[in-house]
Amino acid sequence: MSADTVEQVPLVYTHGKRLAPGAPVSAIVWLGDEAALALGDGSVRFAGVHGERVRIDAHHGVILSAARHPDGAALLSGGDDGRVLRVGGDGTVTELGAFGRDWVGGIAASARSKLIVAAAGAVATVWLPGAVKPSHSYAFPSTVGGIALDAKGLRLAVSHYGGAALLYPKSAQSSRFALKWAGSHLACTLSPDCGYLVTATQELGLHGWRLPIGADMAMSGYRAKTRSFSWDRRAKWLATSGDARVILWPFDGKTGPMGRKPNLTGARGALVTTVTFHPAQDILAVGYADGAVVLARIDDDNFIIVDEPSGAGVSALAWNDAGTMLAWGDEDGGAGLLDMKVRA
Amino acid sequence: MTEVDTRIPVTVLTGYLGAGKTTLLNRILTENHGRRYAVIVNEFGEIGIDNDLIVDADEEVFEMNNGCICCTVRGDLIRIIEGLMKRRDKFDAIIIETTGLADPAPVAQTFFVDDDVRARSMLDAIVTVVDARHLGLRLADSHEAEEQIAFADVILINKTDLVTPQELEEVRQRVRTINGQARVHETVRCDVPLADVLERGAFDLDRILEIEPDFLGEDDHEHDDSITSVSISSEAPLNVNQFNTWLRQLVAVQGVDILRLKGIIAFKDDPERFVVQGVHMLLDGDSQRPWKTDEARVSRLVFIGRNLDQAALAEGFRTCVA
């Protein structure tokens, strides 16, 4: 390691562009070379490295959740107006569902299974491939904390108060595998091969179940709620937010992180709020509560600064499929794009 | 200069069905005060509330999985407040209307337990509307009615025109016995100046110092587990470590019985007033502001709860004198 004698110029100045959408960024998805930013003012902004191309006013309120539509040409959004919308890059807006005064707090979609799942209140609703109206739904005893699909898009995890459930969302009569653990379970993630389900808990820290048997795991030591999960391309590492470093849990081997220590990376004194693995390399993009964005590695402390602290927590972060572009957004309506192919 | 608190003030409206909560809420929403409110109502709530920003609550009471037996929070409020912060520019304050049967403890504890909620919002006051005609009945048949009065910072004894002066005096006494610390207003149709109800914050905390301890003595107990208030004070400054240790141990042991506690404390060699608040086993304390030169540095602590032993609390408090 060498002493930091030279201040690195943040990459946003040499390879990127800052955007000013002006409303909190809830989520970002990439549609080809264009990022779609889902915002707190209900609008979706489509932006490329040359700046914002178009603004589409979609929801009558806050966009709480978003995912890429299975067709790859649109953003799916869930709002506090109770609606699920398909917002196309061509400017078309289609309502796929309306859930009254329930907030649509979670949305997940799979390009492989073509399924869409949205959580509104205590109900998870499924759209079968191509459906433009809800196909079927599953009710839970309390509000859904988080939903997640596995890599094939065939298993659905739903977290809630008192535990989580695993379902086969293609079937309206799906069996349910109930996983119980005391307390309130918030965001959740399934490992790509559906070998593990991990939830973030209200008490801080993670709870995990090794599947199919459901053996319990507890992962503690977090300073804040974990809101962001990311699996690396080999599904060996699960990167998590909620501490002053990125906490990376090893999921290789027969029992994953049980009895093992996590890797820690990206320590720079601020709380990590968002993490996302590069799709093809052992690199992580990391967003912090002070607004900084960096590129970090899995097993050493070196990192490259993408953008400087803005003061507003990074709330969304996404790579394009090729891993050549990165987009981020914050709680105060700031955002940025990085394009490693061009020099600004 | 003091740091500007940018947290959103939250007012909680409680009270039994029919006491007049909705009347008060509609007054708050329609009067011309230039403030914009986000209103969180219960989903079984009444109709006829006219506001731009209304959110349905689900009254989801969650136990925390942290070993604290009385630590419950409202999961729905955590979620709603987080969501509302994405449209922070659309309102100035939040009002939470609870159902008549709601237990106020989880609502209050949400503002102590969840760090994200604490960072963005602050519980300004719990306002309880009491129906002067039916208070006796309510207290006899429901645990919640008593707790709603016990938790209150502001109490409206409403519909006073429908009771005799003697009945009103009885109601006054009942309310005062349960909660000797709240600011009480007697109203006909919740006709109280809204400035006396909303965004009271530190101002009402100062009221603790005005309370006459004698007034809060043990009154006529109806039954053993009825709720009472105890106020203790000291003119001598306290030792910070002893006070913290004593209070922490006290709530660890008696937290189930302590519904609320509030205090303003003068520590030895500390130029700042220390304010402390608690709900059951949860405590929150902070230096508030420097003592003013003309201000008597009196420490005072108020407890509202069951099985409170005035003598033991006073003795424990006395051992904290520096």
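The values are calculated or read from the model by the stated rules, or taken from the named source; none is laboratory data. Keep in mind that this is a model prediction, so the values were computed, not measured. With ideal geometry, Cβ positions are generated from the backbone for all residues, glycine too; neighbour counts draw on all protein chains shown.
Structure summary
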{"read-out": "Filter result (without any contact (Cβ under 8 Å) to a residue 40 or more places away in the chain and either surrounded by 18 or more Cβ atoms within 10 Å (Cβ to Cβ) or touching a strand residue (DSSP E or B) at 6+ places or on another chain (Cβ under 6 Å) (or both)) within the stretch B:255-276", "value": "B:265, B:266, B:271, B:272, B:273, B:274, B:276"}
{"read-out": "Any hit, the stretch A:234-251, residues being touching a helix residue (DSSP H, G or I) at 6+ places or on another chain (Cβ under 9 Å) and in contact (Cβ under 8 Å) with a residue 12 or more places away in the chain", "value": "no"}
{"read-out": "Residue satisfying all of: in the stretch A:82-109; more than 11 Å from every other protein chain (Cβ to nearest Cβ) and part of a loop (DSSP other than H, G, I, E, B); farthest from residue A:52 (Cα to Cα) among these", "value": "A:99"}
{"read-out": "Any chance residue A:323 is surrounded by fewer than 24 Cβ atoms within 10 Å (Cβ to Cβ), under 25 Å from residue A:36 (Cβ atoms), away from chain B (no Cβ under 14 Å) and within 19 Å of the chain's Cα centre (by Cα)", "value": "yes"}
{"read-out": "Total residues in the stretch B:277-308, condition farther than 16 Å from residue B:242 by Cα and surrounded by 14 or more Cβ atoms within 10 Å (Cβ to Cβ)", "value": "17"}
{"read-out": "Selection count, the stretch B:261-314, where residues are within 24 Å of residue B:228 (Cβ to Cβ) and either in contact with an Asp or Glu (Cβ under 9 Å, 6 or more places away or on another chain) or not in a helix (DSSP H, G or I) (or both)", "value": "29"}
{"read-out": "Residue match in the stretch A:54-70 (condition: touching a residue at least 60 places away in the same chain (Cβ under 8 Å), within 19 Å of the chain's Cα centre (by Cα) and within 14 Å of chain B (Cβ to nearest Cβ))", "value": "no"}
{"read-out": "Residue within the stretch A:317-325 that is without any contact (Cβ under 8 Å) to a residue 40 or more places away in the chain, closer than 17 Å to residue A:50 by Cβ and not charged (D, E, K, R) present", "value": "yes"}
{"read-out": "Condition met for residue B:174 (among the basic types (Lys, Arg) and either in the same structural domain as residue B:108 (by TED's automatic domain parsing) or modelled with pLDDT under 90 (or both))", "value": "yes"}
{"read-out": "Residue check, residue A:215 small (Gly, Ala, Ser), over 23 Å from residue A:282 (Cβ atoms), surrounded by fewer than 22 Cβ atoms within 10 Å (Cβ to Cβ) and at pLDDT below 95", "value": "yes"}
{"read-out": "Selection status of residue A:227, out of contact with any helix residue (DSSP H, G or I) (no Cβ under 9 Å at 6 or more places or on another chain), basic (Lys, Arg) and more than 14 Å from chain B (Cβ to nearest Cβ)", "value": "no"}
{"read-out": "Where a residue in the stretch B:84-99 is surrounded by fewer than 19 Cβ atoms within 10 Å (Cβ to Cβ) and its partner, wherever it lies, is assigned to a loop (DSSP other than H, G, I, E, B) and of a type in the set (A, V, I, L, M), with Cβ under 7 Å and at least six apart", "value": "B:87/A:62"}
{"read-out": "Those residues of the stretch A:280-308 which are closer than 26 Å to residue B:120 by Cα and outside any strand (DSSP E or B), in sequence order", "value": "A:289, A:290, A:291, A:292, A:308"}
{"read-out": "Residue that is farthest from the other protein chains (Cβ to nearest Cβ), among those in the stretch B:50-101 that are under 12 Å from residue A:202 (Cβ atoms) and part of a loop (DSSP other than H, G, I, E, B)", "value": "B:71"}
{"read-out": "Residues of the stretch A:126-139 classified as in contact (Cβ under 8 Å) with a residue 40 or more places away in the chain, farther than 13 Å from residue A:69 by Cβ and either of a type outside the set (A, V, I, L, M, F, W, C) or not in a strand (DSSP E or B) (or both), total", "value": "1"}
{"read-out": "Pairs where the first residue, in the stretch A:329-344, is at pLDDT 95 or above and the second is acidic (Asp, Glu), C-beta under 7 Å, 6+ apart", "value": "A:336/A:307"}
{"read-out": "Every residue from the stretch B:102-155 that is within 16 Å of the chain's Cα centre (by Cα), within 14 Å of chain A (Cβ to nearest Cβ) and either assigned to a loop (DSSP other than H, G, I, E, B) or farther than 30 Å from residue A:224 by Cα (or both)", "value": "none"}
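Here is a yes/no grid of residues against (1) at pLDDT 95 or above; (2) surrounded by 18 or more Cβ atoms within 10 Å (Cβ to Cβ); (3) not β-branched (Val, Ile, Thr):
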| position | (1), (2), (3) |
| --- | --- |
| A:144 | yes, yes, no |
| A:150 | yes, yes, yes |
| A:161 | yes, yes, yes |
| A:180 | yes, no, yes |
